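The structure appears right after this line, and notes come after that.
The values are calculated or read from the model by the stated rules, or taken from the named source; none is laboratory data. Small disclaimer: the values here were computed from a predicted structure and weren't measured. Cβ placement follows ideal geometry from the backbone for every residue including glycine, while neighbour counts extend to all protein chains displayed.
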Amino acid sequence: MADNNVKLRSKKGHERRVNGTIYTVLTVMSIVWLVPFVFLVLQSFRSYKLEKGGMVDYLIPKTFSLDNYAFLFEDSNFFSWCGKAILLAVAVALAVTLLTHLVGRALDRADASRSRATLTLGAAMALCYVALAVVAGAVHGQALGQRLVPALLGLVLFVAAGVIFARIYLKQDDKLLRSIPGYVAEDKHEGAKKVAALAAEFWALALLCQCIVAPMEASQYIRWYGNTLTIALFTAAIQTVIVLSVSYALSRLRFKGRKLIMNTVLVLGLFPGFLTMITLYFLLKQMGLTQAGAVPGLILIYCASSGMGYYISKGFFDTIPKSLDESARIDGATRFQVFLKIIMPLAKPIVIYTVLMAFMAPWGDYVFASYVAFGHQEGYNVAVGLYNWVNTNDFQNYFTRFCAGGVLVAVPITALFMALQKYYVEGVTGGAVKG
Amino acid sequence: MVDLDYLKLSKPQKMLHDLGQFFVRLPGRIGGGLKGLALAVGRCLKGLGLSIADLFTTFKNGDWKTRLSYLVMGSGSMARGQWGRGILFFLFQTVFNLYMVNFGIGYLSKLNTLGVVETYKEGRKTVYGDNSFLILLYGVLTLFFVAAFIYTWRVNIKQNKISQQLLASGHKLKSTKDDLASLADSQFHKTLLALPTLGVFVFTILPIFFMILVAFTNFDYNHQPPAKLFTWVGLENFRTLLSSGTASYGDTFRQVLFWTLVWAFFATFLNYFLGMFVAIMINKKGIKLKKVWRTILVMTIAIPQFVSLLYVSKMFAADGLINTYLMKWHWISQPIPFWTDPGWARFTIILINIWIGIPYLMLIATGILMNIPADLYESARIDGANAMQMYGKITLPYMLFVTGPYLLTSFTGNINNFNVIFLLSQGKPMGLTGNAGHTDLLITWLYRMTVSDTNYKIAAVIGIMVFVVLAVINLVVYNLIPSVKNEEDFQ
């Protein structure tokens, strides 16, 4: 009995020692893992004016200053632009709400049919679009004539898109509509009002985009940042659609040539990606998408071959039971409906994973981005711009500014990643096990 | 060796034996593969023969609509009221004809020489001759286009045959509306795959074909279109890259390949075991703050590599923080040559790669460790196994089995791991012939060949060699690791 006790106690002591070691190892590791990032932040506060912007032999800056960050925004009207954008957004939101109310009530009173509602709405939208475009032009000190073509294009495109979109969504659930500020849902003529609300919202957004995109005079860094953000957003949207289509088709549909496609992708994947760089550059050049036009070119490159990265999401689709499809098919659903209404709602984790990966990848791409932009600053992404600050002789003393720029990239990306970490882990573990 | 002897061997011995057997059986396997290939070719030829014979019988038995389709694609479909299909076929043929007459034939006819008319200067004006680059690129494109045309033409005839049979037996044909509706249902895969396939074709397959062909030309700095022509040179570039000699890159290639494999080995397996180790530590019962530890480690995945790696590479520089502080504290008198000495540079790269590599493995291993049935450990403990034994007999085999395919993809990925090398050392220190550095992987060397040396021919050969290396590794591993072949075996 006593012997047993001694054994137990020694076992407990052993356990405690093991745990102690583990805690020590983990603590040391955590320090090693975090230290470079702490250093990065610390050095980003060393002023390149008061001290030295390059490499120095001390870590903690003598005085903490925001000079590096200020430099990133220098020569740009970023803040005034932000102010204008916010003002404009508020104004548009107010106008849209008012308009929706008025049109909705008018339609209500007239007991209008759907087609008349659409017509009236289209006309009202067109009128107000023009009015607001004039106002926006005045705000930016630009005559409307200068931007006539894009303005007209925007008008046609977004009136049409708004109406079509609204009509599609009319039949469906209200959730989407309820989330819109100008929307009022209470009475029997909801339909017409929904059309009004949604379409007006669309057009308002379009207008806002038009005013925001064009007139900002950005500093280099903000331009690079904007480029990267644009690339990342578009890539995320398009790539997700492509990857999901491919993986769904290969996972759940059976057709001739399926194996052939999978084997071809396997073989193609063994060629190094940069092998084809000059050809891609040439193809882009033919389309006018290099150098200053690098942003759409890069989006094209990132998305074009993204269908080859279907493995992880295919692995996910493989795990959804086949019986779901079958029962829906028996009920008369087409394969398209099964895809949209049955599988997609279940595939939320993998959709988020795909979006996250597609969004994060462009932030780190140096190779293609630098090759395609080739010396044209306006086509750079952040990676190319900051790489040049560190590794080119023309930019001595830009080290602390690199640190500041890096911090501004890392913070939002890290926050996004941490927020969606759960989905990332799911995707990575699922993908690794299935290969 | 008899089965019984084999069963008596220990694990490593078995592995060795398997490996030996693999090479012993290799000639047989290659023979088998060749035989299979011959059979496949035979089958293809037979299919082709049947197909041609079918063309004749269809023509003989066909009505005028079918026969007209041999000449004008889609006319049969249109005549039978299938307007949608008919118009598409017809359009395709029209586009093809226009393309061939205006571009295709010109480029195809020059493909064998890649152009002969030199660009020359007439006073101040430059008169452009043939552009070899365009000839090669559009030549390849035209070849693909012709193949696609033949295939479509064949489909068009087959459809006529089927339609004719259907009508003869009293069925109705599908209308254009039915065809469109089928795109959302029975032909849904076509809707889903059309755009991605087109993208992969234009931006991956076509360029890869083009570059493979470039490997057989003398396309480099001295032969750059449009000013200069380049032409076919056969296997000369392969000789330049593989043979040793003053003018060739054989020695460099071997060194770079060796380092690439060493790097990929360490980057894969060091990270694998360390990551697993960390995962086991964090997952151990009684360890608190599991989530915090994980979140801290995952930071290196979340922060874009060009920020973290560029910063760290500067930290290790000669005037970087590490060296300056070590010198300040008088631990060293000279800066440690992290990036300037080949050995140090390689060591530092592998070390820093641990920093960004472990978290991935930790996440993966965590997921798998949780799936190992707890009763396995329970019964092992009752049998008196200690922690090491449990690890060796339960955890490791399970992990290795489940992550077999991952290890393979990870190894492949590391051979092509451009970012880490490029952001840390850019391949430096330099010093090998062929403008290669001591930490260059094949892929970074390829990059430098393309971007700074514009030596496209050698870059293309390097690319093909990477493909060969990866294909060999994949084949060998595929034959050795059971779980790559079939992941449902393990119980």
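Worth a mention:
- Flag if B:THR300 is within 13 Å of chain A (Cβ to nearest Cβ) and either more than 30 Å from A:GLN421 (Cα to Cα) or surrounded by 21 or more Cβ atoms within 10 Å (Cβ to Cβ) (or both): yes
- Cβ-Cβ contacts under 6 Å between residues 6 or more apart (or on different chains), taken from a first residue in region B:184-209 that is facing another protein chain (nearest Cβ under 7 Å) to a second residue that is surrounded by fewer than 17 Cβ atoms within 10 Å (Cβ to Cβ), are listed as B:ALA184/A:PHE336; B:PHE188/A:PHE336; B:HIS189/A:PHE255; B:THR204/A:LEU268.
- From the options B:PHE258, B:PHE219, residue that is assigned by TED's automatic domain parsing to the domain that holds B:GLU122 and either hydrophobic (A, V, I, L, M, F, W, C) or touching a residue at least 40 places away in the same chain (Cβ under 8 Å) (or both): B:PHE219
- The residues of region A:248-273 that are more than 16 Å from B:ILE205 (Cβ to Cβ) and out of contact with any His (no Cβ under 7 Å at 6 or more places or on another chain), listed by number, are A:TYR248, A:LEU250, A:SER251, A:ARG252, A:ARG254, A:LYS256, A:ARG258, A:LYS259.
- Scanning region B:186-202 for residues that are surrounded by fewer than 20 Cβ atoms within 10 Å (Cβ to Cβ) and not basic (Lys, Arg) yields B:SER186, B:GLN187, B:THR191, B:ALA194, B:LEU195, B:THR197, B:LEU198, B:PHE201, B:VAL202.
- Residue within region A:336-353 that is buried (at least 22 other Cβ atoms within 10 Å of the Cβ), assigned to a helix (DSSP H, G or I) and more than 13 Å from chain B (Cβ to nearest Cβ) present: yes
- Scan of region B:139-164 for residues that are hydroxyl-bearing (Ser, Thr, Tyr) and loosely packed, with under 14 Cβ neighbours inside 10 Å, ordered by number: B:TYR151
- Per-region count, region B:440-455, residues surrounded by fewer than 24 Cβ atoms within 10 Å (Cβ to Cβ), more than 9 Å from every other protein chain (Cβ to nearest Cβ) and within 23 Å of B:PRO342 (Cα to Cα): 3
- Within region A:232-281, being more than 10 Å from chain B (Cβ to nearest Cβ), of a type in the set (Ser, Thr, Tyr) and more than 21 Å from the chain's Cα centre (by Cα) holds for one residue alone: A:SER251.
- Residues in region A:23-55 that are over 36 Å from the mean Cα position of the chain (by Cα) and either among the small types (Gly, Ala, Ser) or modelled with pLDDT of 90 or more (or both): A:TYR23, A:THR24, A:VAL25.
- Residue in region A:394-412 that is in contact (Cβ under 8 Å) with a residue 12 or more places away in the chain, aliphatic (A, V, I, L, M), surrounded by fewer than 22 Cβ atoms within 10 Å (Cβ to Cβ) and closer than 18 Å to B:ARG294 by Cα present: no
- Residue check for B:THR240: more than 14 Å from every other protein chain (Cβ to nearest Cβ), surrounded by 15 or more Cβ atoms within 10 Å (Cβ to Cβ), in contact (Cβ under 8 Å) with a residue 24 or more places away in the chain and part of a helix (DSSP H, G or I): yes
- Output for region B:456-482, where each listed residue is away from chain A (no Cβ under 11 Å) and crowded, with 21+ Cβ neighbours inside 10 Å: B:LYS457, B:ILE458
- Test for B:GLY343: is it assigned to a helix (DSSP H, G or I), surrounded by fewer than 16 Cβ atoms within 10 Å (Cβ to Cβ) and more than 26 Å from the chain's Cα centre (by Cα): yes
- Single match in B:LEU167, B:LEU136, B:LEU183 (criterion: in the same structural domain as B:GLN93 (by TED's automatic domain parsing), crowded, with 17+ Cβ neighbours inside 10 Å and at pLDDT 85 or above): B:LEU136
- Top-ranked residue of region A:282-301 - restricted to ones that are closer than 21 Å to A:GLN377 by Cβ and at the interface with chain B (Cβ under 10 Å from one of its Cβ atoms), ranked as surrounded by the most Cβ atoms within 10 Å (Cβ to Cβ): A:ILE301
- Against the list (1) free of Cβ contacts under 8 Å to residues at least 24 places away in the same chain; (2) assigned to a helix (DSSP H, G or I); (3) surrounded by 15 or more Cβ atoms within 10 Å (Cβ to Cβ); (4) not hydroxyl-bearing (Ser, Thr, Tyr), the condition B:ALA264 fails is (1).
- Subset of region B:159-183 that is polar (S, T, N, Q) and away from chain A (no Cβ under 12 Å) - its residue that is farthest from B:TYR138 (Cα to Cα): B:SER169
- Selected residue (only one of A:PHE339, A:PHE359 is over 23 Å from the mean Cα position of the chain (by Cα) and modelled with pLDDT of 85 or more): A:PHE339
- Residues of region A:359-385 satisfying the condition of being more than 11 Å from every other protein chain (Cβ to nearest Cβ) and buried (at least 22 other Cβ atoms within 10 Å of the Cβ): A:PHE359, A:VAL372, A:ALA373, A:GLY379, A:TYR380
- Residues (within 18 Å of A:VAL246 (Cα to Cα) and either part of a loop (DSSP other than H, G, I, E, B) or not assigned by TED's automatic domain parsing to the domain that holds A:TYR248 (or both)) located in region A:318-333: A:ILE320
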